[in-house]
Amino acid sequence: MELRLSKVIKRYGAGAAVDGIDLTFASGKTTALLGPSGCGKSTVLRLLVGLVAPDGGQISVDGRPLPAHDIEALRRRIGYVIQDGGLFPHLTAAENVTLMARHLRWDPARAAKRLGELAALTRFPADALARYPNELSGGQVQRVAIMRALLLDPEVLLLDEPLSALDPLVRTELRDDLRGIFRTLAKTVIIVTHDVGEAAHLADVVVLMRAGRVVQQGPFATLAASPADPFVTAFLATGNGPSSPRPPETRG
Amino acid sequence: MTAARAGALALLVAAGACRGKNDPGRAVVVASKGFTEGVILGQMVVELAASTPANVEYKAQLGGTEVVFHALEAGAVDVYPEYTGTLTQEILRKEVAGRSLEEVLADRGLRRSRGLGFDNSYALAMKEARAAALGIDKISDLVAHPELRLVFSNEVMSRADGWPGLHARYALPQEARGMDHDLAYRALASDGVDVMDVYTTDAEIRAYGLRVLKDDRQFFTRYDAILVYRADLEARRPDVVASFKRLEGRIDNATMIGLNARAKLDHVSEGAVARDFLTAQIGFAGGAGPSQRVLASIAGRAAEHGALVGLSLFAAIAVAVPLGIVAARRPRIGRVVVGAAGLLQTVPSLALLVLLIPLLGIGSPPAIAALFLYGLLPIVRNTHAGLVGIPESLRLSARALGLPPRARLRLVELPLAMPLIVAGIKTSAVIAVGTATVGALVGAGGFGQPILTGIRLDDFGLILQGAVPAAVMAIGLEALLGAVERRVVPRGLRARGNA
């Protein structure tokens, strides 16, 4: 699946969260959308799955515009892990993961088998599957959210700051696991982060954004070796950009 | 073909309706208002009507003139005891200007009997000792004593021919408060108040040793007791009408005070009082008529009460949850829906019941409808609040998964809102158990019945027979719904300690 944004604009109130972006996400690659808070990274993800509508420009999937009807079918082909996981508190970990299977009336054996595969892939402890979200650790919440996004074996996986809420040890562990998962699946992955280290570690292509525009894109080594402007240099040098501590981000 | 069939159907329905109206086999419904004299007179009518081959039903102690008169007009009641003054001064006040009461009643398909022989008008009364000490003998003497505390029954407080007119005619300096007639006697006896309104046939005048103040400026109208009945009853059951007309001119004031005293002070049942009178004074030997058993079993009342609460609550849930969902989806509609449900809550229960009588008659239908309407608000509001209170991130999650709107509602939104929805249902249920006691005012039975009778007869035990089971039912229902809550509210939404 090839996802493309052409001259896409999205405004919230007076300001533009996304201000005329052109981006193509190639199949099978992991792309990191990197940048300070409020630069429009999360908005790009929401635009891609039709959770928000653009005010200008065009978004296309495999060369065709986003469907106006039956956007659900597209969403099932794109796994989306929202910030902080977005697990449903009324469902156990297993029920969260298999919610779509329940909706699609899968055979319970099939759902159980898929759950087992995903738990193995994400190294999620089997005994924690019956727990409710408020009984899980931060790292476990993210693993469940990733399992849930992968249930229908989507072609694309979107992750919004999957590591930002975790403490350092857990963060490193999950980051390494994510790299393994991305390698194993070989899917198109787009990960939003404000952490330079994460982008460098996980992504084939880094897209550095600032104030709704793309500043520079390419492999991390290219950005580091030949920065397009002083902002790139400054952002890469500070490790996680000039805007920390991070404010509660809803539309970044 | 279809039109012809529809026409035939309409004719059938019309014929059925006509037959229903004039069918001599249909029960004759006798009613009375909620005070002892009315109940006794109603009981006499029941006994006399039951001496004919007619089926007779008695809806005793309905909640006030408005309720009974509207039920009579709507055809839910066929006959009840009334007073001329009540009709001319309040219910038909505008219509009777320059016309006779008979004409005005005829316009509404109603008729009246001749007077039963006594006049139960209003008067003011004080304790004999206190009146003597202050030298008060007539109403105008009250002007010199502004410190006296006056109470009037709520009807009298608001009626033009009650306190407002009296206040103006005598230029009384006192403020008056509204108080239930039977409670007022107790307040007067314990010196909690000084002056109250009485009816000139009240048993308590003798029992409490009261001085009735002279109406020296002829303010109060005559209240001659009559029977009001539907004109179509004369066509349907002339024998019943002839039978109850035997009461005309047979009861004088002293007799009525005596009858009231037997029922109220000697605790003889109204049925026995009525039968003894009929036997002694009219030579009536109807024997065992269908006497109204005021003391139905607690189980029977619980069944009535439970049916009122259960049916209304079920209907309220079925309507209010979808309304709450619509309200949450469409904020503009939401404001209107929640506002309208709130407005309903402010309508006093008796007023609501009176409004419903022309549509639903008397008995349990108007009571269930009223409880249903009162039950809507807590459920609508909580459903709405529960849905709009779902965190944005969870809505986003559900959409991002590719769940269509209906599945999001069923699998995510309603379960998340469930704790608040159940809380709303619990609130509605407890309100319904309490409010259902007013169902007795329109003849719906339930625990309100013994409460009304208990207040009327000054019988605290009887009041408890209604109040205690009602409280127990409220507590039991709360516990039952708590058990339901544990089943329907997902464990993940409860306090962490329970998990």
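For the range B:317-343, residues that are of a type outside the set (Val, Ile, Thr), surrounded by fewer than 16 Cβ atoms within 10 Å (Cβ to Cβ) and in a helix (DSSP H, G or I) total 10. Among the residues of the range B:406-414, are any surrounded by 20 or more Cβ atoms within 10 Å (Cβ to Cβ), without any contact (Cβ under 8 Å) to a residue 60 or more places away in the chain and in contact with a Phe, Trp or Tyr (Cβ under 7 Å, 6 or more places away or on another chain)? Yes: the range B:406-414 contains one or more residues that are surrounded by 20 or more Cβ atoms within 10 Å (Cβ to Cβ), without any contact (Cβ under 8 Å) to a residue 60 or more places away in the chain and in contact with a Phe, Trp or Tyr (Cβ under 7 Å, 6 or more places away or on another chain). Checking A:THR43, A:THR31, A:THR92 one by one, the residue that is surrounded by 21 or more Cβ atoms within 10 Å (Cβ to Cβ), of a type in the set (Ser, Thr, Tyr) and over 29 Å from A:PHE235 (Cβ atoms) is A:THR92 and no other. Number of residues in the range A:36-69 that are closer than 15 Å to A:ASP19 by Cβ and charged (D, E, K, R): the value is 2.
For the range B:162-277, which helices (runs of 4 or more DSSP H) that fit wholly inside it have 2 or more residues that are in contact with a strand residue (DSSP E or B) (Cβ under 8 Å, 6 or more places away or on another chain) and of a type in the set (Val, Ile, Thr)?
Ranges flagged: B:238-244.
Among the residues of this structure, B:GLU103 does not count as one that is touching a helix residue (DSSP H, G or I) at 6+ places or on another chain (Cβ under 9 Å) and either at pLDDT 90 or above or surrounded by fewer than 19 Cβ atoms within 10 Å (Cβ to Cβ) (or both).
Scanning the range B:30-50 for residues that are of a type in the set (Gly, Ala, Ser), farther than 18 Å from B:ALA444 by Cβ and in contact with a helix residue (DSSP H, G or I) (Cβ under 6 Å, 6 or more places away or on another chain) gives a single hit, B:ALA49.
Taken over the range A:51-84, residues that are under 30 Å from A:VAL232 (Cα atoms) and more than 9 Å from chain B (Cβ to nearest Cβ) amount to 10. Go through the residues of the range A:214-229 one by one and say whether even a single one is crowded, with 19+ Cβ neighbours inside 10 Å, part of a helix (DSSP H, G or I), modelled with pLDDT of 90 or more and under 20 Å from the mean Cα position of the chain (by Cα). Yes, that holds for at least one residue.
Here B:ASP182 passes the criteria (1) assigned by TED's automatic domain parsing to the domain that holds B:LEU134; (2) surrounded by 23 or more Cβ atoms within 10 Å (Cβ to Cβ); (3) acidic (Asp, Glu) except the one numbered (2).
Taken together, B:TYR229, B:TYR199 contain a single residue that is out of contact with any helix residue (DSSP H, G or I) (no Cβ under 6 Å at 6 or more places or on another chain), assigned by TED's automatic domain parsing to the domain that holds B:VAL79 and not hydrophobic (A, V, I, L, M, F, W, C), which is B:TYR229. Based on what the data block shows, is B:GLY476 in the same structural domain as B:ALA370 (by TED's automatic domain parsing), modelled with pLDDT of 90 or more and surrounded by fewer than 18 Cβ atoms within 10 Å (Cβ to Cβ)? Spelling it out, B:GLY476 is indeed in the same structural domain as B:ALA370 (by TED's automatic domain parsing), modelled with pLDDT of 90 or more and surrounded by fewer than 18 Cβ atoms within 10 Å (Cβ to Cβ).
The set of residues in the range B:368-407 being within 12 Å of chain A (Cβ to nearest Cβ), among the hydrophobic types (A, V, I, L, M, F, W, C) and under 22 Å from A:ASP84 (Cβ atoms) consists of B:ILE390, B:LEU394, B:LEU396, B:ALA398, B:ALA400, B:LEU401, B:LEU403. When A:LYS113 is tested against the conditions (1) modelled with pLDDT of 95 or more; (2) in contact with a helix residue (DSSP H, G or I) (Cβ under 8 Å, 6 or more places away or on another chain), the lone failure is (2).
Taking the range A:85-128 as the search range and keeping residues that are among the charged types (D, E, K, R) and within 14 Å of chain B (Cβ to nearest Cβ), which one is farthest from A:LEU178 (Cα to Cα)? Among those that are among the charged types (D, E, K, R) and within 14 Å of chain B (Cβ to nearest Cβ), it is A:ARG105. Residues that are away from every other protein chain (no Cβ under 14 Å) and in contact with a helix residue (DSSP H, G or I) (Cβ under 9 Å, 6 or more places away or on another chain) do occur in the range B:408-423, at least one of them. Taking (1) within 10 Å of chain B (Cβ to nearest Cβ); (2) more than 17 Å from B:LEU396 (Cα to Cα); (3) surrounded by 21 or more Cβ atoms within 10 Å (Cβ to Cβ) in turn, A:ASN134 satisfies each apart from (3).
Applying the set (1) touching a residue at least 40 places away in the same chain (Cβ under 8 Å); (2) touching a Lys or Arg at 6+ places or on another chain (Cβ under 9 Å) to A:PRO89 leaves exactly one unmet item: (2).
Of the strands (runs of 3 or more DSSP E) lying entirely inside the range B:44-138, those containing at least 3 residues that are within 22 Å of the chain's Cα centre (by Cα) span B:56-62, B:79-83.
Looking only at the range A:166-175, decide whether some residue is in a loop (DSSP other than H, G, I, E, B) and buried (at least 22 other Cβ atoms within 10 Å of the Cβ). No, the range A:166-175 contains no residue that is in a loop (DSSP other than H, G, I, E, B) and buried (at least 22 other Cβ atoms within 10 Å of the Cβ).
The values are calculated or read from the model by the stated rules, or taken from the named source; none is laboratory data. Just so it is clear, the model here is predicted, and its values are computed rather than measured. With ideal geometry, Cβ positions are generated from the backbone for all residues, glycine too; neighbour counts draw on all protein chains shown.
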